[in-house]
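Student: Before anything else, here's the structure in question.
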Amino acid sequence: MRYYEDFSQLTELSLPMTIDANLGAEYRFSNLLSFWLKINNLAAQRYYLYHQYPALRFRAMLGFSYTL
């Protein structure tokens, strides 16, 4: 459980439980070049990381890495 303090009421409350599934993959073309993909929050749920700090919904990042 994740807890936070509500200072207006001087109480400790809890945030609801969430499942945040992520996926990542990397393809190494050669020793110098690789491609990667990251997908976060596959279910695209709305939830708060902390009290009043919302998490991003579905997010995907694609990139490459080149080494000299």
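Student: Examine the range 35-57 for a residue that is under 10 Å from the mean Cα position of the chain (by Cα), of a type in the set (A, V, I, L, M, F, W, C), surrounded by 11 or more Cβ atoms within 10 Å (Cβ to Cβ) and part of a loop (DSSP other than H, G, I, E, B), and state whether such a residue exists.
Tutor: Checking the range 35-57: at least one residue is under 10 Å from the mean Cα position of the chain (by Cα), of a type in the set (A, V, I, L, M, F, W, C), surrounded by 11 or more Cβ atoms within 10 Å (Cβ to Cβ) and part of a loop (DSSP other than H, G, I, E, B).
Student: Specify the residue that is farthest from residue 60 (Cα to Cα); the eligible residues are those in the range 15-32 that are surrounded by 10 or more Cβ atoms within 10 Å (Cβ to Cβ) and either among the acidic types (Asp, Glu) or over 18 Å from the mean Cα position of the chain (by Cα) (or both).
Tutor: Top of the filtered list is 32.
Student: Related question: Of everything in the range 12-68, what is among the charged types (D, E, K, R) and either within 20 Å of residue 2 (Cβ to Cβ) or modelled with pLDDT under 80 (or both)? Give them in sequence order. Quick ask: steps written out before the conclusion?
Tutor: So the first thing to find is which residues in the range 12-68 are among the charged types (D, E, K, R), and the list is 12, 20, 26, 28, 38, 46, 57, 59.
Within the range 12-68, 12, 20, 46, 57 qualify.
Student: If you don't mind, there's one more thing I want to ask. Any idea which of 44, 21, 25 is at positive phi and not polar (S, T, N, Q)? Even if it seems obvious, please write down each step before you answer.
Tutor: On the way: 21 fails: at positive phi; 25 fails: at positive phi.
Exactly one residue qualifies, and that residue is 44.
Student: A follow-up question, please. Applying the selection to the range 12-34, what residues are in a loop (DSSP other than H, G, I, E, B) and touching a Ser or Thr at 6+ places or on another chain (Cβ under 8 Å)?
Tutor: Step one: list which residues in the range 12-34 are in a loop (DSSP other than H, G, I, E, B), which gives 16-22, 29-32.
The answer is 31, 32.
Student: Quick one: would you say residue 31 is in contact with a strand residue (DSSP E or B) (Cβ under 6 Å, 6 or more places away or on another chain) and either of a type outside the set (Gly, Ala, Ser) or at negative phi (or both)?
Tutor: It is false that residue 31 is in contact with a strand residue (DSSP E or B) (Cβ under 6 Å, 6 or more places away or on another chain) and either of a type outside the set (Gly, Ala, Ser) or at negative phi (or both).
Student: Next up: Could you tell me how many of the residues in the range 58-68 are not in a strand (DSSP E or B) and not hydrophobic (A, V, I, L, M, F, W, C)?
Tutor: Quick first cut of the range 58-68, residues not in a strand (DSSP E or B) only: 58, 67-68.
From the residues that got through so far, the ones that are not hydrophobic (A, V, I, L, M, F, W, C) too are 67.
Counting residues in the range 58-68 that are not in a strand (DSSP E or B) and not hydrophobic (A, V, I, L, M, F, W, C) gives 1.
Student: While we're here: Quick check on this structure: which one of 8, 65 is exposed (fewer than 10 other Cβ atoms within 10 Å of the Cβ) and either free of Cβ contacts under 8 Å to residues at least 12 places away in the same chain or over 18 Å from the mean Cα position of the chain (by Cα) (or both)?
Tutor: Details: 65 fails: exposed (fewer than 10 other Cβ atoms within 10 Å of the Cβ).
Result of the check over 8, 65: 8.
The values are calculated or read from the model by the stated rules, or taken from the named source; none is laboratory data. As the structure is a prediction and not an experimental result, all values here were calculated from the model. Neighbour counts run over all protein chains shown; Cβ positions are idealised from the backbone, glycine included.
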